[in-house]
Amino acid sequence: MNFERIEEIVRLHPKLVGVEDFELGWTETTACARSFQNGRERGETSDRSGWVTLRLLQRRQPGASIGVIRESSDVNGLVEQALQASQLSSPDPWFRFPLWRSAAAAIPFPELPPLEPIIDARPAKNLVVDESVERWSSHHRLVRKSEKKSLECRVQGACGEVRLRLADRPSPVLSIVRKAAPTGDYGLDPNFLPVFGDLAQAAALESAPQGPFLLSSMAASELVRLVSQGFVAGSPRFFVDEENACELSPLISLLDDGRHPKGVMIYPFDLEGVPTQRTVLVNRGRWEARLCDTCAGGRYNQLSTGNWFRSPGEVWPRVHPTTFYLEAGESRPQEMFSSLKSGTVLHSIEGLNWQEGGKARLAGMGWTVHGAGQLKPHSRIEIEFKPLNALRCVLAVGSDLEFYGSVGSPSILFKEMP
């Protein structure tokens, strides 16, 4: 069933006559993917999916439902579910109607690369290189009872993932996710293959690592990914409130940009019809904003930041970062490295997870520095630290901003990671 017919049934539905307003959204996505191991194809998949969401926008009794529509009876079921959710809901004192502000220009279609292996260089015999490449296109439409116009966009993109490991052991694993550049390639430097091979075969560091700590852009991006959810309004790890503003190093500026050209998914508007935008969350160490939808914005007396999306594999849309990144600094990575007389250099991170008490545990690969130019490789370096405390101890931020999936970061030099 096409969207025009679904919209007609919903607009004329007798049970929705008394509803203050509603929002009807429709998404159809087509995707195809291929996987490879050491350049040989392992499989190919394709998928076409669609879903419809109906939100009843009422101050006293909001409600919502979501589902797949194949025939008119499915539309009636969608309406019944939304009405039932409305009857079970409580009045929300912070309720606001989403504002359909003027959306920015349409997103240009990038040049999509072919579904071929990303790594052209032949890996060493002891390395296993697993790759997956995916291309997708999506069609989005949004209508409101109170609006005569509708919002519509088509987006497409491609991304690839490279996973490295040694042939004779399951760990460590290096995973790199990149979006295809406008030129149609993934911008991966094959030089990381021999570096990974050397580090993965080295011994683990048995003692606690010593600072200063230099994280490559690849390693730092995992730290940025970890803290990104802490800037979503209502997150259990939300870092700031009105009485305890976030104070970080003045070298730190964190941003979320739903229209950044290096983002994996770029939309002109979110699923509330709010245009995506560039939001400065931390400006030179000072907290400035939080990511929110219209409802959360009401609680904090701010407008929606255009971050209400449905992620692949999830049922319900939610507020989450789009393209979240640490702004590049002025330091050259080579100069940051040469300034180390002792300390620890992290090339990549295999695992980074939250622990109790606001702490995080990091496991990665890299080198310990013993005097100028004396490096000792290690396949596993473990650090337990508090991410916010570490971001208060930054000595330098590199100029080498790189994006890995939906997050980006330059190299970072920490005095310590307490």
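All of the numbers you see were taken from the coordinates with simple rules; none came from a lab. The shown structure was predicted, so the numbers you read here are calculated from the model rather than taken from an experiment. Virtual Cβ from ideal backbone geometry, glycine too; neighbours counted across all protein chains shown.
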Take F231, F324 and order them by how many other Cβ atoms sit within 10 Å, fewest up front.
F231, F324
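How high is the relative contact order of the range 179-314? Use alpha-carbon pairs under 8 Å, at least six apart in sequence, and give a whole percent. If you can, show how the numbers build up before the last one.
Working: 153 pairs, mean separation 25.7, N = 136.
Dividing the mean separation by the residue count of the range 179-314 yields 19 percent.
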Where a ≥ b ≥ c are root eigenvalues of the Cα gyration tensor, a/c under 1.5 meaning rounded, otherwise prolate if a/b exceeds b/c and oblate otherwise, the range 250-299 counts as oblate
Least to most buried among M218, M365 (fewest other Cβ within 10 Å first)
M218, M365
Within the chain, helix-based [θ] at 222 nm, where runs of 4 or more DSSP H residues each add -39,500 (n - 2.57), nearest 500:
-4500 deg cm²/dmol
Helix 72-88 axis, angle to the chain major axis (alpha carbon atoms, nearest 10°)
80 degrees
Within the range 3-179: Cβ-based charge dipole about Cα centre, in debye rounded to nearest 20 (Lys, Arg +1; Asp, Glu -1):
400 debye
Could you go through the range 403-418 in sequence order and give the Karplus-derived ³J(HN,Hα) for each residue, using 6.51 cos²θ - 1.76 cosθ + 1.60 with θ = phi - 60°, rounded to whole Hz, and x for Gly and Pro?
10, 10, x, 9, 10, x, 6, x, 5, 10, 10, 9, 5, 7, 10, x
Can you list residues whose amide H is under 5 Å from Y404's amide H, if they're 5+ apart or on another chain and H is modeled 1.01 Å from N?
S409
Quick one: net charge around S146, please, counting Lys, Arg +1 and Asp, Glu -1 for every other residue with C-beta under 13 Å from its C-beta.
+2
Ordered by fewest other Cβ atoms within 10 Å, a rough proxy for footprinting exposure, I381, I119 read I119, I381
Here FRET efficiency (C-beta to C-beta, R284 to Q37, R₀ 60 Å, nearest 0.05) is 0.85
Residue separation times 0.36 nm, minus the C-alpha to C-alpha distance between A208 and S399: what's the value?
65.9 nm
Distance between modelled label sites at L112 and N76, nm, 7 Å Cα→Cβ extension:
3.8 nm
Calculate one ³J(HN,Hα) per residue across the range 42-49 by plugging θ = phi - 60° into the Karplus curve 6.51 cos²θ - 1.76 cosθ + 1.60, and present them in order as whole Hz with x for glycine and proline.
10, x, 9, 9, 9, 8, 10, 9
Apply the Karplus parameterisation 6.51 cos²θ - 1.76 cosθ + 1.60, with θ equal to phi minus 60°, to every residue of the range 264-277 and state each ³J(HN,Hα) to the nearest whole Hz, in sequence, with x for glycine and proline.
6, 10, 10, 10, x, 8, 8, 7, 9, x, 8, x, 5, 7
Taking +1 at the Cβ of each Lys and Arg and -1 at the Cβ of each Asp and Glu, which of V162, S331, C292 sits farthest along the dipole of the chain towards its positive end, judged by Cα position relative to the Cα centre?
C292
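Within a Cβ distance under 10 Å of P172, other residues only, what is the Lys/Arg minus Asp/Glu net charge?
+2
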Please give the length that would be gained between R163 and E314 if that part of the chain were fully extended, namely 0.36 nm times their separation in residues minus their C-alpha to C-alpha distance (nm, one decimal).
52.0 nm
Magnitude of the Cβ-charge dipole (Lys and Arg +1, Asp and Glu -1) of the range 202-414 about the Cα centre, nearest 20 debye, reported as 200 debye
Taking Cα atoms, the helix 217-228 axis meets the longest principal axis of the chain at an angle in degrees (rounded to 10) of 40 degrees
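Would you mind checking the pairs K125/K359; K125/K376; K125/K415; K148/K179; K376/K415; K125/K179 and listing those with alpha carbons more than 30 angstrom apart?
In this structure, K125/K359; K125/K415; K148/K179 exceed 30 Å between Cα atoms.
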Counting other C-beta atoms within 10 Å, and keeping those with at most 10, which DSSP coil GluC sites (Glu not before Pro) do you find in the range 139-238?
E206
Relative contact order (percent) for the chain, with alpha-carbon contacts under 8 angstrom and 6 or more residues of separation?
16 percent
Using all alpha carbons of the range 3-179, what is the percent of pairwise distances in each 10 Å bin, ordered from the shortest bin to the longest?
8, 26, 22, 18, 16, 8, 1
